[in-house]
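Take a look at the following structure, please.
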Amino acid sequence: MLKLEAVDAGYGRAQVLRQVSFEAQAGEITCLLGRNGAGKTTTMKAIMGLLPLMGGQVRLEAEMLSALPAHQVPRCGVGYVPQGRRLFGELTVGQNLEVGRFSKPDNEGVLEEVLQLFPRLRERFSQRANTLSGGEQQMLAMARALSLRPKVVLLDEPTEGLQPSMIAAIRDVTETMRDQGVAVVLVEQRVEAILALADRAALLENGRMRGVVSGAEMRDDPSILAGHLGV
């Protein structure tokens, strides 16, 4: 279980997150919802140690992630797919996946596992990442994160700008991760995707947590999303 407790974080002197607390359970998809500028990506970066905390803590089971330097967080089992993918464009698909295994090089068989999830990447294995389509690049970014065999995966806007067939493929893999017992934290602006996928949703507003609701509650009461997202 990933747990944030009273997290304060920001950029320099500009504080963005204030007392943010929520949990992401194994085998569940937790959607982090909020308007633009609410602090969703900042929360992801705080979990990964890319932003120093001003207060609070982040734990994964017994491990205090917030006490670790950023490069050690993936070794604890946290995979991160940032908004914009952040691939190594001049490297091939295979080389990007190899980079993804650096933190846990003893993960035997994981390459075949991720290629089974993303058959398109097997076809593009020797192709440079910057020559892939947007959907293929998103697949590669997810496969790279899954090369850790993570306990938690953070997905920041994974379907942004993708065509419907690629969105469906990303959604299917996200559900597969959940079914395999991974805790998924998902930032997603597409309301229909949120409603279909979420086991629970953590609601952010102006850097503060306004509550956590179940996916069933959101589906039964659209006013919850209307109040927090303006939709």
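Considering only helices (runs of 4 or more DSSP H) fully contained in the range 112-215, which possess at least 3 residues that are touching a residue at least 12 places away in the same chain (Cβ under 8 Å) and under 17 Å from the mean Cα position of the chain (by Cα)?
Passing ranges, in order: 134-146, 164-179, 191-197.
Looking at (1) surrounded by fewer than 21 Cβ atoms within 10 Å (Cβ to Cβ); (2) in contact with a helix residue (DSSP H, G or I) (Cβ under 8 Å, 6 or more places away or on another chain); (3) modelled with pLDDT under 95, which is the only condition Gln116 fails?
Of the numbered conditions (1) surrounded by fewer than 21 Cβ atoms within 10 Å (Cβ to Cβ); (2) in contact with a helix residue (DSSP H, G or I) (Cβ under 8 Å, 6 or more places away or on another chain); (3) modelled with pLDDT under 95, the odd one out for Gln116 is (2).
Still on this structure, please answer the following. Which of the numbered conditions does Gln83 fail, given that it passes all the others? Conditions: (1) out of contact with any Lys or Arg (no Cβ under 9 Å at 6 or more places or on another chain); (2) at pLDDT 90 or above.
(2)
For Arg171, state whether it is in contact with a helix residue (DSSP H, G or I) (Cβ under 7 Å, 6 or more places away or on another chain) and of a type in the set (D, E, K, R).
yes
Hey, another quick one. Taking the condition of being out of contact with any helix residue (DSSP H, G or I) (no Cβ under 8 Å at 6 or more places or on another chain), hydrophobic (A, V, I, L, M, F, W, C) and at pLDDT below 95, how many residues in the range 15-50 meet it?
Adding up the residues that qualify gives 1.
If a residue has to be of a type outside the set (A, V, I, L, M, F, W, C) and in contact with a Phe, Trp or Tyr (Cβ under 9 Å, 6 or more places away or on another chain) to count, how many in the range 1-42 make the cut?
Residues in the range 1-42 being of a type outside the set (A, V, I, L, M, F, W, C) and in contact with a Phe, Trp or Tyr (Cβ under 9 Å, 6 or more places away or on another chain): 3 in total.
Here is a follow-up. I need the full set of residues from the range 121-136 which are surrounded by 16 or more Cβ atoms within 10 Å (Cβ to Cβ) and in contact with a Gly (Cβ under 8 Å, 6 or more places away or on another chain), in order please.
Arg128, Ala129, listed by residue number.
The values are calculated or read from the model by the stated rules, or taken from the named source; none is laboratory data. Not measured: the values here are computed from a predicted model. With ideal geometry, Cβ positions are generated from the backbone for all residues, glycine too; neighbour counts draw on all protein chains shown.
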